[in-house]
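Read-outs: derived from the displayed coordinates by stated rules, not from any lab. Since the structure is predicted, the reported quantities are computational estimates derived from the model, not experimental observations. Note that we place each Cβ from the backbone using ideal geometry, even for glycine, and neighbour counts take in every protein chain shown.
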DNA sequence: ATGTCATGATAAC
DNA sequence: TTATCCTGACATA
């Protein structure tokens, strides 16, 4: 489930449960031995940049990246941890278990600065989007499909949001970055902010407006337009799939025609 | 029991 | 480009 919205939501939920509290920390799996250094420390705050989560314990910082498989879930207090739990954080009445992360490590300031510097703009960050996002996109011959997954450009976008954003702005995934019109990019960015924020609130990805959702169909799949669908959620055409940036990319050939076709009309 | 696939990213060829 | 790491749910046998 981890795209940027998941990680920002985790930052919020973990802060609500642990911020200002002394926590117990352990690594039942044993692959994060430094957990003992956190034992009894107070969590100052948490924050997220793109898909990276940071837990700040005054003088120590934990960096977590969920990767494709990672999950950080609240479990029944004191429950027997499954053997794969890399990190368990708990107070007397609250327990969170982290499993399957790509990264769970202590991170010093230099490494943090370096990491932040290689991440692009996060649509969920409050800061104004840097000009470099458009500049780089507009100069690139790489496809918009590949660019959207590039974390040094768009921090927090993942494979689901990529497909859905391209659908919503009607862009064919192969469109070179340099051919994306400025207004389309601006719509894309605004949509990314809106959808990710909505994802944080719902704690799941929802891209279909509430009004368009069929009441009877509440499964997650029904709330997306093209991702992992066989037919387009808007026009019903067969959804096409291609591979872009080593991931499966779904798009509607009708709603997302190649850009030269738009000009040809 | 075994195989497949996944909302990620990196290192090596 | 491909291989690799991380885990678990579900399908197939």
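Per-structure values
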item	result
Alpha-carbon centroids, the stretch A:81-126 and the stretch A:18-43: separation in whole Å	12
With eigenvalues of the C-alpha gyration tensor scaled by 5 and rooted, the stretch A:25-166, Å	33, 17, 12
Contact order normalised by residue count of the stretch A:100-164, Cα under 8 Å, 6+ apart, percent	34
Residue A:204/residue A:77 FRET efficiency (R0 22 Å; Cβ-Cβ; nearest 0.05)	0.35
Distance between modelled label sites at residue A:235 and residue A:194, nm, 7 Å Cα→Cβ extension	2.1
Relative contact order of the stretch A:2-120, pairs being alpha-carbon contacts under 8 Å that are 6 or more residues apart, as %	26
Percent breakdown of C-alpha pair distances by 10 Å bin, ordered from the shortest bin, for the stretch A:113-163	24, 58, 18, 0
On Cα atoms only, tilt of A:159-168 relative to the major axis of chain A in degrees	30
Among A:183, A:123, A:173: highest mean-square fluctuation, GNM of chain A, C-alpha pairs under 10 Å	A:183
Separation of the residue A:243 and residue A:132 label points, Cα + 7 Å toward Cβ, nm	3.2
Average projection area in nm² (convex hull over Cα atoms of chain A, one quarter of hull surface)	15.6
Length added when fully stretched, residue A:105-residue A:182, from 0.36 nm per residue minus Cα-Cα	23.8 nm
Between helix A:109-118 and chain A: long-axis angle, C-alpha atoms, 0 to 90°, nearest 10	10
Kirkwood-Stokes translational diffusion coefficient of the stretch A:24-70, alpha-carbon pairs, 4 °C, 1.567 mPa s, µm²/s	112
Sites residue A:41 and residue A:84 - FRET efficiency at Förster radius 30 Å, r taken between beta-carbons, to 0.05	0.80
Distant alpha-carbon pairs in the stretch A:92-185 (separation over 20 angstrom), percent	48
Mean Cα-pair separation over length for chain A, i.e. relative contact order, pairs under 8 Å, 6 or more apart, %	16
Theoretical ellipticity at 222 nm over chain A - DSSP helices of four or more residues, -39500 (n - 2.57) apiece, nearest 500	-9000 deg cm²/dmol
Size-normalised alpha-carbon gyration radius of the stretch A:1-98, reference 2.2 N^0.38 Å	0.97
Folded to 0 to 90 degrees: helix A:182-202 orientation relative to chain A principal axis, Cα	40
